[in-house]
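The values are calculated or read from the model by the stated rules, or taken from the named source; none is laboratory data. The structure displayed is predicted, hence computed values, not measured ones. Here the Cβ positions follow ideal geometry from the backbone for every residue, glycine too, while neighbour counts run over all protein chains shown.
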């Protein structure tokens, strides 16, 4: 991959997605989008070379919308990274903590700073569409009584100041991000990537007794380590589900055998990506 890649993210410059994108592809050009659907539209239409999306947070859980978008678009996960999420109370230069009475941020960020907000009952929390967007807004308004919860990068990007750093409830706060590309631009032969040790896939099973157990037994027989499984409803088909799975694999060939084995039991199987597992 070259450093001139255009990468779409959901959110404003200075967001955690921005930080993750530059960690995955240093020097990339970031293309902010308001909505996740716009990120995937930009990718599939060829307006950008890749997208970086959060897929799971160690405290808040999975980003369900992004699993659904991966399933319905012709894209592949090429890489993943883990980003330590550090939240900060940010305000315009000259503001002081004791004068802050309104705090803006993404709902997930607000939820991850409950203890700090409880210790400062004067501060009323307001949900916003984006952490970095909250900083951008308060800088535009020049309101000394408003603050945002966001990253250090957001404060630097918009010329704001950190009033208090590390205000999250739990220091073990990590988000897993995917680098996603169009399937046609991704690795043509997954087996050529000898460093692949992780497989993400989606599947559905027939509505009969033991069908899901049969799938899991196939993975167990191969010695494949299942690290994550969750279900999502099929839109328009009540009580039918898509299962999303992450597996640790010892080789890319093992991933191919796993997909072949699942095909014998599943109504649908889609490989979302075969890539190298990120480490902390």
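Among 103, 52, which is within 14 Å of the chain's Cα centre (by Cα), modelled with pLDDT of 95 or more and part of a strand (DSSP E or B)? Full working, then the answer.
Values: 103 fails: within 14 Å of the chain's Cα centre (by Cα).
The conditions single out 52.
I'd like the residue in the stretch 1-39 that is closer than 15 Å to residue 65 by Cβ and free of Cβ contacts under 8 Å to residues at least 40 places away in the same chain and, out of all such residues, is surrounded by the most Cβ atoms within 10 Å (Cβ to Cβ).
The extreme case among them is 39.
Every residue, every condition in (1) in a helix (DSSP H, G or I); (2) within 30 Å of residue 254 (Cβ to Cβ); (3) in the same structural domain as residue 47 (by TED's automatic domain parsing), yes or no:
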| position | (1), (2), (3) |
| --- | --- |
| 126 | no, no, no |
| 133 | yes, no, no |
| 138 | yes, no, no |
| 199 | no, yes, no |
| 220 | yes, yes, no |
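Touching a strand residue (DSSP E or B) at 6+ places or on another chain (Cβ under 8 Å), in contact (Cβ under 8 Å) with a residue 12 or more places away in the chain and part of a strand (DSSP E or B): is that true of residue 70 in this structure?
Against the criterion (touching a strand residue (DSSP E or B) at 6+ places or on another chain (Cβ under 8 Å), in contact (Cβ under 8 Å) with a residue 12 or more places away in the chain and part of a strand (DSSP E or B)), residue 70 does not qualify.
Based on what the data block shows, is residue 211 touching a residue at least 12 places away in the same chain (Cβ under 8 Å) and within 30 Å of residue 113 (Cα to Cα)?
For residue 211, the condition - touching a residue at least 12 places away in the same chain (Cβ under 8 Å) and within 30 Å of residue 113 (Cα to Cα) - is not met.
Does residue 143 fit the bill of being touching a residue at least 40 places away in the same chain (Cβ under 8 Å), surrounded by fewer than 18 Cβ atoms within 10 Å (Cβ to Cβ) and outside the structural domain of residue 233 (by TED's automatic domain parsing)?
Numbers: touching a residue at least 40 places away in the same chain (Cβ under 8 Å): yes; surrounded by fewer than 18 Cβ atoms within 10 Å (Cβ to Cβ): yes; outside the structural domain of residue 233 (by TED's automatic domain parsing): yes.
It is true that residue 143 is touching a residue at least 40 places away in the same chain (Cβ under 8 Å), surrounded by fewer than 18 Cβ atoms within 10 Å (Cβ to Cβ) and outside the structural domain of residue 233 (by TED's automatic domain parsing).
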